[in-house]
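All remarks here apply to the structure that follows.
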Protein chains: 2
Amino acid sequence: MSHSAVARRCIIIITLLLPFSVLFQHLPAQEKQPGKQRFGIVLHGGAGTILKGSMTPDLERDYREKLTQALTAGYTILKNNGSSLDAVEAAIRILEDSPLFNAGKGAVFTHEGTNELDAAVMDGKTLKAGAVAAVKHIKNPISLARMVMERSPHVMMVGDGAEAFAKAQGMELVGAEYFYTERRWKQLQAARAKEEQQKDSSKLKKYPVPDTSVHGTVGCAALDKMGNLASGTSTGGVTNKRYGRVGDSPIIGSGTYANNSTCAVSATGTGEYFIRSVVAHDISALMEYKGLSLKEAAETVVMVKLVKLGGDGGVIAIDKDGNIAMPFNTSGMYRAYIDTTGNPVVKIYRE
Amino acid sequence: MSHSAVARRCIIIITLLLPFSVLFQHLPAQEKQPGKQRFGIVLHGGAGTILKGSMTPDLERDYREKLTQALTAGYTILKNNGSSLDAVEAAIRILEDSPLFNAGKGAVFTHEGTNELDAAVMDGKTLKAGAVAAVKHIKNPISLARMVMERSPHVMMVGDGAEAFAKAQGMELVGAEYFYTERRWKQLQAARAKEEQQKDSSKLKKYPVPDTSVHGTVGCAALDKMGNLASGTSTGGVTNKRYGRVGDSPIIGSGTYANNSTCAVSATGTGEYFIRSVVAHDISALMEYKGLSLKEAAETVVMVKLVKLGGDGGVIAIDKDGNIAMPFNTSGMYRAYIDTTGNPVVKIYRE
């Protein structure tokens, strides 16, 4: 067959196929086919020094069970056409109600022996957000953050004011004793003892650095069938914290960010470094402005930029196509996800 | 002359010039030549509904004088080889001490008739940052924010805790009466009366929207001779605010951000929209990841993205080369700058 004959045949084939290309234009992505919508959920229960050697089989099983329970609760909402916001709130409430994590019930103690909780939530569709910081009598701070977002013109409320808002909205407050757990109380005593030692030593520090090796912040990010992203984060901060210290969890752009045009992110780690790096928004910006994939963007921020600055921790994130990333630069991060394939995955250590 | 002869001569010339290239490597930019360092400062005293028709000549003169005084104080520090951090703090302290602006002395009243102040500062060289929110007895919140940055391992402290830190650092606290000004008290009464009217009307709102037409947040950004950027912001928030509301001013990445590789920014406006847009970091990210100029980046965020979302206000910003941008989408913004040419400029209205 001559070259011109080949060219003629090619033109004929292309001409015949042209009308069908319209079909593909209208169905470019899987999520637009009815019944085949992409959705997924990813969550974390904190990153830090988590070593298999110092974990009992019972405790590891407890963690895995609780992560699975939260994951399943969120996923079920998404599967039944619920919103990513509902899924994120439901999953985080379960983690807040467990004494295992440093959020809600299991929050660490401040220097004064109180519990000061922070939380934030963001809706990727509207870019609306809600956050609370330094609240002491809120069982589920993630739900109060959502109330701030949905029932007030504000984004952030702190301290007694945030609790007054909770009361005005009919939310029941809990007594300080609700947050007492023996494990966290012992951690505070240990941190105080260490602080006293530091004071006595010649290497006296003007401001003892709080113990940040124990993390346990919880967070969740989800994509629902409508293509809407959402994320949320909840924490008790760091053991022995004082002076009304607030970390990155309730800071929109740092610990929590969601934007339908890019991704939804929740972070965990040494909060100060995450604020200074504006971690969650930086991941979104690297995707939007530099064309990086979720994986590339999240790894650039967590494994390169944060490490360079000295920040420990990780993030969980999901993008608008349902891709999931969970980079962390510590020895472990409690994490779990169900991606678009529908299979649940729960992990703790680096693997 | 033959080709080979030309080539030979070229090689000789290049060889002779090579040793001098070392000189140029060490002096790549103008700012590194002694006596010709680029430096500059820009500040704002709030954006909002500022109309020439509703301003008396005396009041306008007072505003221009105070802006000039703050500008000169900051610029003098830079000129005398001081740091951008020192310049930013000095300029903001002068604006905080004036009753004209909604920060420090002139802070607006909360619903309860108290004053709750927020401030933040960021060092573009180290990416260190400090912020305080909801403090009631701090004469110069910008200086407390700097103390948090320099004398604690934390970035953000709120409420009574932040004041306890101030005391522990030897800072003198002021009584609540220090913040009383007749003008702000009258504004609260007017806002309360308007709120009562809203309650009585059929268009009852569950949560009366605070009056955000009066802005007056102050902020400053500077580039020093060493090439270091810094920015800071200080505010009393919005009149009649309640429930411990915190706006964008003390949120690193939103109201305040500085990074030597891009720019330093301070924002003013309807804070909630600025938080949701992560305004200050977004300007930096557009420069870093998309290659936009400071002017293009700041205008994209303030005049396009914020307007689309419904946010009112503006930013002042300076980049690593000393370029200045001051976009605002309201009728006016108190603003002033001295750029690398050394000429002071003070403006209030759109012009």
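The values are calculated or read from the model by the stated rules, or taken from the named source; none is laboratory data. All of these numbers come straight from a predicted model, not from anything done at the bench. A quick note on method: Cβ atoms are made from the backbone with ideal geometry, for glycine too, and the neighbour counts reach across all protein chains shown. Side chains are part of the model used for accessible areas, which takes the heavy atoms of the whole protein and leaves out ligands, DNA and RNA. Shrake-Rupley method; radii C 1.70, N 1.55, O 1.52, S 1.80 Å.
Quick notes
- The C-alpha radius of gyration of region B:40-349, expressed as a fraction of 2.2 N^0.38 Å, stands at 0.93.
- Projecting 7 Å from Cα along the Cα-to-Cβ direction, the label point of B:Val345 sits 5.3 nm from its equivalents in the other copies, listed shortest first.
- Accessible surface buried once A binds B (1.4 Å probe; total of both sides; Å²): 3700 Å²
- Only Lys, Arg, Asp and Glu carry charge here, each on its Cβ (+1 for the first two, -1 for the last two); on that basis region A:40-349 has a dipole of about 460 debye about its Cα centre.
- Put the Cα centre of region A:120-138 next to the Cα centre of region A:60-103 and the gap is 17 Å.
- The contact residues of region B:238-263, meaning those that lose at least 50 Å² of 1.4 Å-probe accessible area when all protein chains sit together rather than their chain alone, are B:Tyr243, B:Ile252.
- Quotient of C-alpha Rg and 2.2 N^0.38 Å, computed over the protein assembly as shown: 1.03
- Percent RCO, i.e. relative contact order, over region A:206-351, from Cα pairs under 8 Å lying at least 6 residues apart: 19 percent
- Relative contact order of region B:40-349, taken over Cα pairs closer than 8 Å and 6 or more residues apart, is 25 percent.
- From the C-alpha gyration tensor of region A:75-160, square roots of 5λ in Å: 24, 17, 8
- Here the convex hull built on the C-alpha positions of region A:253-300 has a volume of 63 cubic angstrom per residue.
- The Cα-based radius of gyration and maximum Cα-Cα distance (Dmax) for region A:276-328 are 10.2, 31 Å.
- Calculated P(r) of region A:203-351 - Cα pairs past 29 Å, %: 14 percent
- Accessible area per residue (1.4 Å probe, heavy atoms of protein chains only) ranks B:Ser231, A:Ser83 as A:Ser83, B:Ser231, with the largest value leading.
- Ligands, DNA and RNA are left out, and with a 1.4 angstrom probe the accessible area of chain A is 42 Å² per residue.
- In the structure shown, the pairs A:Lys66/A:Lys139; A:Lys347/B:Lys128; A:Lys139/A:Lys305; A:Lys167/B:Lys136; B:Lys128/B:Lys347 are assessed against 25 Å; a Cα-Cα span above that value is assigned to A:Lys347/B:Lys128; A:Lys139/A:Lys305; B:Lys128/B:Lys347.
- Shown for region B:149-181: residues covered by the partner protein chains by 10 Å² or more of accessible area relative to the chain by itself (probe radius 1.4 Å), namely B:Arg151, B:Pro153, B:His154, B:Val155, B:Met156, B:Met157, B:Val158, B:Gly161, B:Ala164, B:Phe165, B:Ala168.
- Distribution of pairwise C-alpha distances over region A:57-205, 10 Å bins, in %: 11, 33, 32, 17, 6, 1, 0
- On the basis of the beta-carbon distance and an R0 of 25 Å, A:Glu112 and A:Ala168 show a calculated FRET efficiency of 0.40.
- Residues of region A:311-351 falling in the label zone of A:Lys52, defined by backbone nitrogen less than 15 Å from a point 7 Å along Cα to beta-carbon, are A:331-333, A:347-351.
- Taking every alpha-carbon pair under 8 Å whose residues sit at least 6 apart, region B:218-272 reaches a relative contact order of 38 percent.
- A Förster distance of 51 Å, applied to the separation of the beta-carbon atoms of B:Glu351 and A:Val307, puts the FRET efficiency at 0.60.
- Separation in nanometres of the label points that stand 7 Å from Cα toward Cβ, at A:Lys290 and A:Ser261: 1.8 nm
- Nearest-20 debye value, region A:246-351 charge dipole, Cβ charges on Lys, Arg, Asp, Glu: 140 debye
- Residues of region B:120-136 buried by at least 50 Å² on assembly (accessible area, 1.4 Å probe, chain alone as reference): B:Leu127
- Computed per residue of chain A from DSSP H runs no shorter than four, each worth -39500 (n - 2.57), the mean residue ellipticity at 222 nm is -11500 deg cm²/dmol.
- Counted over the protein assembly as shown, the DSSP beta bridges are approximately 90% antiparallel.
- Reachable aspartates and glutamates from B:Lys52, criterion Cα separation under 17 angstrom, eight or more residues apart if same chain: B:Glu60, B:Asp62, B:Glu65, B:Glu351
- When only alpha carbons are used to place a centre, region A:328-348 and region A:284-317 end up 17 Å from one another.
- Share of carbon and sulfur in the accessible heavy-atom surface of chain B [1.4 Å probe, %]: 55 percent
- Dimensions (Å) - region B:232-313, Cα atoms, principal axes, largest first: 41, 27, 15
- Ranked from largest, the principal axis spans of the Cα set of region A:144-183 equal 39, 18, 16 Å.
- Computed magnitude of the charge dipole of the protein assembly as shown (debye, nearest 20; Cβ of K, R +1, Cβ of D, E -1): 1220 debye
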